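Data block below; observations after.
The values are calculated or read from the model by the stated rules, or taken from the named source; none is laboratory data. Remember, it's a predicted structure, so these values are computed and weren't measured experimentally. Heads up, the Cβs are rebuilt from the backbone with ideal geometry, glycines too, and the neighbour counts pull from every protein chain shown. All accessible areas refer to the heavy atoms of the entire protein, side chains included, with ligands and DNA or RNA removed. Shrake-Rupley method; radii C 1.70, N 1.55, O 1.52, S 1.80 Å.
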Amino acid sequence: MARVKTLTFAVLMLLLLAGQATALSIELGIDEVLIVDGQVFTFDPGQSGDRYLVSVSSHGKETSSVLSFGEKITVGNVTYVIGSYDRQNQRLTVHLLGNYTSVRVMKKYDFSVEVIEAFDTYAKVRIKNTGFYPLNDTLSVSSSSQGAFPIPSSTVLKEVELNLAPGEEIVFKVPNPGQTLVFSLKEKGISKDVFLGTLEPQVEIEDITGDDRVRVKVLNKGDPVNATFSLLYSGNLVLESKKVLLQRGTNWVEFSNFINQGAIVVDYGKIIQQTFYFRPALLVLENISREGELLKFALKNTGESPFRGFVSVTQNGVVVGSPTYSEVSIGPGESVSLTFNVPEEVRYPTILASSDSGTFSFTAEAGASGISVEALSTSIKVPLGGKGSYALVLSGSGRVKLGVEGLPDSVGWKFYAGESEVEEINVDGSAQMVLVIDVPSLPREFPVGEPVMFNVTVRDEKGNLHVIPLEFEAYGLAFLPVYGDNWLAKMNFTAETHFVGIPYRVAAKSLTPPIQFEHYSGEKIVFSYGNYVRSGLDVALHVLSPSGEILHSSSQGKGRPDFVVFNESDFMLMLEGDRFDAVLLVADYLKKPENISFELLPKQFGEGIKTFILNATSLRGKKLVIDVSADRPVEVRLYYFTLNREREDFDPLSADFKGAFRGKGEHVSGEIPLRPYEDFIAISIIGTGNVSLTMAAKEVPVSVSGLGKYSGELTVVLLALLLVAVIALERRLG
């Protein structure tokens, strides 16, 4: 062997010195080919160990030989000398000698994967034969996932028969891909992993609009797809469904119905949902003129919902116009012009527009010289602790004095002309005024959620009095964000009225305005907890009546969660303290385990939920056993609710469950042990339908009778015996 190596080295040196040859060393795997100026070199190590079957194909002719280390084969102008062989990696070193211009190594069989596009419904990929030989095999595509132990698992999504010449490619789609796709050739045993990452939805809802019907603007980022659109109202009731082929790009889908508030659900193989809310129709009087008995005016809808109703002209509640009424339909942002015959003696007609969604009235001076007044908006909604404004237009000539009557004393008001506050003003042609009302944080002398009527008075120099009826409706603190990591919090669901059974986040300083909750009967408990407890701050929790009277207040000390038990069905809540960040929860309260039957109805956000807070002080050291039966599948969740940290874990609509017990179905049973310091347990039931809940306390048996009582004494005795044994052993060995 040493002689062969020496001879090989000598031959190489002679050829190099000749100046007409090129020498190069190449490593070649058993699954690869070596291509030298069109010659194809391959090898097979066989079974013996040091001898290799070498083949060189050139111009359709194949030359083969069995060679060992240092031996060579020459084809044309190229000599292939066998070098060392790495048996573990099955790689052979080949020395090239001769006149050649190009050298490259290729896999015998190989392919590449290119992801063209990937969504939650499919991934479109391009497979290319990057090997030397044609690829005739079955390609299996599977979705790879990691198990809990971890144990890898996969699901075959698609199989494709490949018949690809070198360099050829094929494009196909893989349905419902996961984050990682595995491409495997069944016969060749070649496998490639492609990581897709988080897949974005193929279809997104971009906008929801409405005039006389609801319209949805959706973006399809992928290939055309069949989708079912559903218009939902009152939680999860389907008003209308449509099947649509969504082309790539922007698509508009139109329903034949209109509702102010609801949700759009799109099923395109995956499901997306988005809620919407259109502000009700709001009419303003754009202009008005009088020519003898002809009264002409224009009404504009500044709301987001259509107005369909009747318009008439009245005075002191009596119809004085002809025709008696006109039927109108005014879309959002649209105006309608109307003409009525009104007797000339009617100097202060009222234009009355009424519909199922609301009534609007505008009083104007018509047929008299001097000053006329009109309100561009007569009804507004104002949050407690906020401000609201009315725009007034005065026409004519003269000096007028402005005033308000019938407004509660607790509500402040001021008139403004531009930036200046005014009480009197000179009108020359026309002037625009703004009445700003300041609603207090606590409702005093007026209710919340009901219209409050009052008048603006305008008295001219002749003593003529113009009265413009206005109204406002106060509402409590609105749009508290839902607490937690659940889907409801992520979609930023908000509503003026808050719900019993789910937690809300409240960040404020000093005193919050009252927070409105839904009408809810029965004994309830309200909790505040969260970051302020960890910070050692003090927060007081107040339960108020709809008129702002404080009914109950919490008395827990600094750095402790606050709670109040109460029975009022119509109520508001308020938090008081320094700057704080808290979680607010209202739930049904149980003093002890009970057997209860109730109906779960869907809330405005689509889910039905009932949350019970059980006083667990009398159950300490026992087990709480629950049994739930329902006529539809429901989800049951139990949480420890004693420590502040445990209360922060309470998130009944989250997929990330951090409680003590969870079960689903029409019949759910479970039990949890109650600790020696247990105060409260939270029980949430999510779903719809009729539900029966049974609760009972179960004694925990002692496993070894009397052992716990004397465990300390037994430990001392055992240690003493061990010491005696050690001393005796030491003496025996000594």
Mind listing just one residue for me: the one in the stretch 69-106 that is small (Gly, Ala, Ser) and in contact (Cβ under 8 Å) with a residue 40 or more places away in the chain and, of those, nearest to residue 31 (Cα to Cα)?
-> 83
Across the stretch 311-332, what is the total count of residues that are assigned to a strand (DSSP E or B), in contact with a strand residue (DSSP E or B) (Cβ under 9 Å, 6 or more places away or on another chain) and among the β-branched types (Val, Ile, Thr)?
-> 6
Matching option when the condition is more than 30 Å from residue 379 (Cβ to Cβ), out of contact with any Leu (no Cβ under 6 Å at 6 or more places or on another chain) and either open to solvent by 20 Å² or more (accessible area, probe 1.4 Å) or not β-branched (Val, Ile, Thr) (or both), among 234, 230 = 230
Hey, can you tell me all the residues within the stretch 666-703 that are loosely packed, with under 15 Cβ neighbours inside 10 Å and under 28 Å from residue 605 (Cβ atoms)?
-> 666, 667, 689, 690, 692
Within the set of pairs 6 or more residues apart or between chains, which connect a residue that is within 24 Å of residue 283 (Cβ to Cβ) inside the stretch 384-402 to a residue that is among the charged types (D, E, K, R) and crowded, with 20+ Cβ neighbours inside 10 Å with Cβ atoms less than 6 Å apart?
-> 393/374
Pick out, from the stretch 88-148, the strands (runs of 3 or more DSSP E) lying fully within it that include 1 or more residues that are more than 17 Å from residue 40 (Cβ to Cβ) and open to solvent by less than 50 Å² (accessible area, probe 1.4 Å).
-> 91-98, 111-118, 122-129, 135-146
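For the condition within 26 Å of residue 231 (Cβ to Cβ), of a type in the set (D, E, K, R) and in a strand (DSSP E or B), what is the one hit in 308, 279, 290? Spell out the reasoning first.
On the way: 279 fails: in a strand (DSSP E or B); 290 fails: within 26 Å of residue 231 (Cβ to Cβ).
Result of the check over 308, 279, 290: 308.
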Quick one: in the stretch 314-364, of everything that is touching a residue at least 24 places away in the same chain (Cβ under 8 Å) and among the aromatic types (Phe, Trp, Tyr), which residue is most open to solvent (accessible area, probe 1.4 Å)?
-> 348
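Could you check the stretch 517-594 for strands (runs of 3 or more DSSP E) lying wholly inside it with 3 or more residues that are free of Cβ contacts under 8 Å to residues at least 40 places away in the same chain and surrounded by fewer than 20 Cβ atoms within 10 Å (Cβ to Cβ)?
Values: elements: 524-529, 539-544, 550-553, 562-566, 572-590.
Per the criteria, 550-553.
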For residue 462, are the conditions met, namely being of a type in the set (D, E, K, R), modelled with pLDDT of 90 or more and over 30 Å from residue 517 (Cα atoms)?
-> no
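Give the residues of the stretch 610-630 that are closer than 26 Å to residue 564 by Cβ, in a strand (DSSP E or B) and open to solvent by less than 10 Å² (accessible area, probe 1.4 Å), sorted by residue number.
Quick first cut of the stretch 610-630, residues closer than 26 Å to residue 564 by Cβ only: 610-620, 624, 626.
Those left that are additionally in a strand (DSSP E or B): 610-615, 624, 626.
Correct list: 611, 612, 613, 614, 624, 626.
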Residues that are surrounded by fewer than 17 Cβ atoms within 10 Å (Cβ to Cβ), assigned to a loop (DSSP other than H, G, I, E, B) and in contact (Cβ under 8 Å) with a residue 40 or more places away in the chain, drawn from the stretch 446-463 | 447, 449, 461, 462
Can you tell me which residue in the stretch 274-289 is surrounded by the fewest Cβ atoms within 10 Å (Cβ to Cβ), limited to those that are in contact (Cβ under 8 Å) with a residue 40 or more places away in the chain and more than 16 Å from residue 378 (Cβ to Cβ)?
-> 274
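Name every residue in the stretch 500-515 that is in a strand (DSSP E or B) and farther than 12 Å from residue 480 by Cα, in order of residue number. Give the derivation first.
The first filter runs over the stretch 500-515 and keeps only residues in a strand (DSSP E or B), leaving 504-511, 515.
Passing the criteria: 509, 510, 511.
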Which of the residues belonging to the stretch 290-305 are among the polar types (S, T, N, Q) and open to solvent by 50 Å² or more (accessible area, probe 1.4 Å)?
-> 302
From 260, 301, 287, 251, grab the single residue that is within 24 Å of residue 332 (Cβ to Cβ), at pLDDT 95 or above and not aliphatic (A, V, I, L, M).
-> 251
